[in-house]
Every structure is written in C-alpha cells, then in structure tokens.
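The numbers here are math on the coordinates, done by the rules we state, and not lab data. This is a predicted model, so every value here is computed, not measured. Because the Cβ atoms are built from the backbone with ideal geometry, glycine has one as well, and the counts that use them run over all protein chains shown.
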Amino acid sequence: MKKVITYGTYDLLHYGHIALLKRAKALGDYLIVGVTSDQFDRGRGKLNVQQSVAERIAAVQALGIADKIIVEEYEGQKIDDIQKYDVDVFTVGSDWVGKFDYLREYCEVTYLSRTEGISSTQLRTEKNDEISLGIYGATERTVRFLKESRFVSGLFVKGAYSPNTRAAEIFCEQSDIEKYASYEAMLADTDAVYIFDTIDRHFDLVMQALEAGCHVICETPLFLSEEQTEAAYALADSKGLVLFEAVKTLWYPAFQHLLLLINSGVAGTVKSVDVACSQIPDDPDFLSNPYEGSLYDWGTIALLPIIKILGTKYQDVQMYDYSRDNFSYLSQGMLRYDSAIGTWKAGRGIKSEGELIVTGTKGYIYVPAPWWKTEYFELRHEDLRATEKYFFKSEGAGMRYEILEFVRMINNGNLTHYHYTREEMRTIAGLIEKFDKREVISF
Ligand code: CTP
C-alpha cells in the first residue's frame, strides 16, 4: 500500500484545497493529512487564521478524501510523521517548491501545481472591509509598525504624518505611503490611527483622533492620570471606537502562558512579584525630554506583571526616584497587598538585569532578561532538577499580535481587551500619576 502525506492550514476550506487533496490521494492508496495546530500557526507568524483547528479538521474530514487526519504541532514533525506512518510520498502545492527537498532523504517528494485564483488569504480579506490606518510619527518604531502590519490581513497603512516634516518625508517615500500635510487631514482620511509619541502628548492626540471618529492604537503607557484614562475611554465608548494601548508584552504567547500557569496554582500561592526593566537608548537625545524618563517610558510594562498577578487592590505604594536635571533615570517601588508584595525597577539611561521573578509557596517562575519580550521561562522548585522549561515562539517582536488583536476588536465591535481590563488600566494610570506628581522619595 502506497502512503501519501500532505500538510496545510485549510482555513476557510476552498476548492483549491479540495483539488490538491484529490490529486494527493491519487498519488497513492492511503492519504494522511496534517492540519496545523493554532499554536503552531501563531508561532510561525501566520496570525490571521479564522477557524480553530477543530473546525478546520472537521472541514477536511467532511470531504471524505483523507484516510487519516493528524495535527501538526511543531517544527520538525514532518520527519517524525514520515517515519512513524511509514510514508512513501510527501506532497504539497507548488507554492512550496524547494522548501521540502530535505525530506527526500526519507521519502519521495512531489510538488503539485496550485489552483490559480484562490487562497485562504484572499477569502479572509474579502470577509471584512479593509481598515485604513494612518501613522502618527516617523521613527524607527513606526517603520517597524508598518512592516509588522503587513502580516495582518484586513488592515492597510494608507499614510503618515509627523510634526517632524523631514522625517515624515523620508518615512513616507521609503515606505511608499501617502504623506499627510496635517494630523487633521490624516484623521479625516483614515478609519484608524497608530500613535507613537511620548506619554505627555498622548491625551491630546488620542482625544483628537476619537473626536474625528478614528479607532486608536497608541503606544504604551497611555496616559498620565486616571482622569485622562476615564475621559478617553468614555469618549471612545460613546462613539463605539476601539482605544487600544499597544502593550506588546501582553500578546507574547509566553507571557500569556505564564499568567495561565500561575492561575493554575503550579507555583502555589504567589507571595511576591519582582520586575525589572531598563534601557540605555542609542541616541543620547532622549535625556532632553523628561517624558522619556523611567516610569514615563516603562510605566505599563514595569507594573503589568504585578497588577496582572497580584491584582488592582493594593494597600499602599512606596516609590523611590533617582532624577538629575529633571530626568528620571531610575524608579523603584513597592506595592504592598494584603498578603503579597510587588516590586519594580524601571530604568532609562541606566542598566540592570531585566528579569521577572514570581515567588510562590511551591516554587517560582523565572523569566530571563529581557522578560518583556520573552519566548521562554522556567518554573523552578527547591530541587533544581525538577525545573520545567517553557518555550513559546513568537515572530516579529510581538507587534503583529497586538495589531491583529486591534483589527479583531474593530471587526467584532468589541471595545474591551480581554487580556487587559479597564480596572487594570486605571490602576496603572493611577501609579504613573503618583510618579508624575512627584509622590516619590528622591535619592
Ligand atoms: N493549495 C492549492 N491551491 C490553492 C491554495 C492552496 O493547491 N489555491 C494547497 C497548498 O499548496 C497547500 C494546501 O493547499 O499544499 C494547504 O494550503 P494552505 O496554506 O492551507 O492554503 P492557502 O489557501 O494557500 O492559505 P494561505 O492563503 O493562508 O497561505
């Protein structure tokens, strides 16, 4: 009996898939179809898949062409499968020509011609109207945002505006997008806006965008006070617009799993969360703007693990601050809860080990530096040999995951993050506010 194997995502199953599966089956007597798991697709940066693995498997099964369906979960699994099922022929569509030649060592490899004029990507795009987006700012970060946005279907960057006219010119020309003469002109011409600026400028820029009817994705931390947070969300809600804080860390699969794992109690009861983040930017210019300083810059990220794990109901807070020439290099602080402690260390123009440690009664979670963009963490116990290691791949430094979520929220008419509550946002804004009002002990 000649066994054939093929793999795919099979999202929104279409006639191109069916034609391929029929031809694959005709290459032998028995067809095995590998359907990618949700996790595997996310890990390889394929983010816009609309159906869950269960739905995609059901659709392939209903065709009655496959003799066996398996789930593809990890890099390198194809070799395992070929050996395990004693496969004679590996096949995929011609879009993959050459990519799987390395499997010739294990079986025959055949590329079948792809059906013209149809793909899951095309179907996904047709399902929703494309959201047009304008970028406020022209920096290395906005270039990255633009690149990352191209991995997310359903959104296209129409143009950009920056008060720095020269930078805007270069950015727009190099990226082949429209250069707007003013922020107002951009807002009038787009459905959504991405804002990159320092925290002191966010409130005005966000309010103006919401007033103009644009959905907003704005860099973190969002605002300088609880009042600004309340006002902006009230306006967004009343207009049915999404206001999204771009906290990349939240969307890293590893960080999400870490939170789930802690909730499952594997580390016991959490008694302390210790967070450190620091950065010395390349360009020394940052020192001239106080709002580039420690907690103004790190705010949400530095406080996020504490607030997510220990909650919003802390008893009191103490903040220490090291500033010189009106610039805060280091903010350290402690949040005391009923029965736990959270500490943070946030530095700009100063460097320390950027790790995250969650201390529990049964063990602790250790996330190595830089924890805020991690793919990896460990659950450690008294006996170090019992350490469990967790690895979750993420492509593109987290940005594509948050853009995807932003697009999903707009398309689903969903105004609240499911990973980041309003209460959490308000609590973090309140802490930044204390810092801003200098309720700190200086040293
Ligand atoms: N395929 C095909 N003809 C098409 C589309 C897909 O022969 N028009 C084949 C692919 O070459 C692959 C299999 O179907 O062997 C599963 O492909 P998959 O990536 O799931 O489908 P696509 O439509 O290409 O999806 P996407 O647009 O997300 O890349």
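Given 0.36 nm per residue, what is the gain on full extension from GLN256 to ASN326 after removing their alpha carbon distance, in nm?
21.6 nm
Could you work out how much longer the chain between VAL71 and TYR30 gets when fully extended? Use 0.36 nm per residue separation minus the Cα distance between them, nm to one decimal.
So the chain would gain 13.1 nm between VAL71 and TYR30.
Amide H neighbours of TYR337 under 5 Å, counting only residues 5+ apart in sequence or on other chains, H built in-plane at 1.01 Å?
GLN315, GLY342
Once both axes come from the Cα atoms, what is the angle between helix 15-26 and the longest principal axis of the chain, in degrees from 0 to 90, rounded to 10?
40 degrees
For labels at ARG336 and GLU211 in the simple 7 Å Cα→Cβ model, what's the distance in nm?
4.4 nm
Could you sort 261-269, 140-148 so that the peptide with the highest average Cβ count within 10 Å comes first and the rest follow in order?
Listed from highest to lowest mean packing, they are 140-148, 261-269.
For LEU123 and ASN164, what is the calculated FRET efficiency with R₀ set at 45 Å and r taken between the beta-carbons, to the nearest 0.05?
0.65
Take the chain, connect every pair of alpha-carbon atoms lying under 10 Å apart with a spring to form a Gaussian network, then pick out the residue of TYR102, TYR291, TYR329 with the largest mean-square fluctuation.
Between TYR102, TYR291, TYR329, it is TYR102 that shows the largest mean-square fluctuation.
Any number yet on Rg/Rh for the chain, C-alpha, Kirkwood?
Here Rg/Rh amounts to 1.02.
Where the centroid of each part is defined by its Cα atoms, how far is the range 163-182 from the range 42-72 in Å?
Cα centroid to Cα centroid, the span is 42 Å.
Just list whichever of LYS345/LYS437; LYS271/LYS351; LYS147/LYS373 have alpha carbons separated by over 22 Å in the model shown.
LYS271/LYS351
Would you please name the trypsin sites (Lys or Arg not before Pro) within the range 20-98 that are DSSP coil residues with at most 10 other C-beta atoms within 10 Å of their C-beta?
Answer by residue number: there is no such site.
Once you have the alpha carbon radius of gyration of the range 1-67, what is it after dividing by 2.2 N^0.38 Å, with N set to its residue count?
Cα-based Rg divided by the globular estimate yields 1.12.
Based on Cβ point charges of +1 for Lys and Arg and -1 for Asp and Glu, what charge dipole magnitude is obtained for the range 349-440 about its Cα centre, in debye rounded to the nearest 20?
So the magnitude is around 140 debye.
To the nearest 10 degrees, how steeply does helix 399-412 sit against the main Cα axis of the chain, on a 0 to 90 scale?
In the chain, helix 399-412 runs at an angle near 80 degrees to the longest axis.
Starting from the Cα gyration tensor of the range 51-119, multiply each eigenvalue by 5, take the square root, and state the resulting semi-axes largest first in whole Å.
Those come to 21, 18, 12 Å.
What residues qualify as long-range amide H neighbours of ALA138, i.e. H under 5 Å apart, gap of 5 or more or another chain, H built at 1.01 Å from N?
none
Using amide H atoms built 1.01 Å from N in the peptide plane, name the residues 5+ places from LEU243, or on other chains, whose amide H lies under 5 Å from its own.
VAL216
Could you give the distance between the Cα centres of the range 293-366 and the range 213-233, to the whole Å?
One Cα centre to the other: 22 Å.
Applying 1/(1 + (r/R0)^6) with R0 = 30 Å to the Cβ-Cβ distance of ALA231 and ASN411, what FRET efficiency is obtained, to the nearest 0.05?
Computed FRET efficiency for ALA231 and ASN411 comes out at 0.70.
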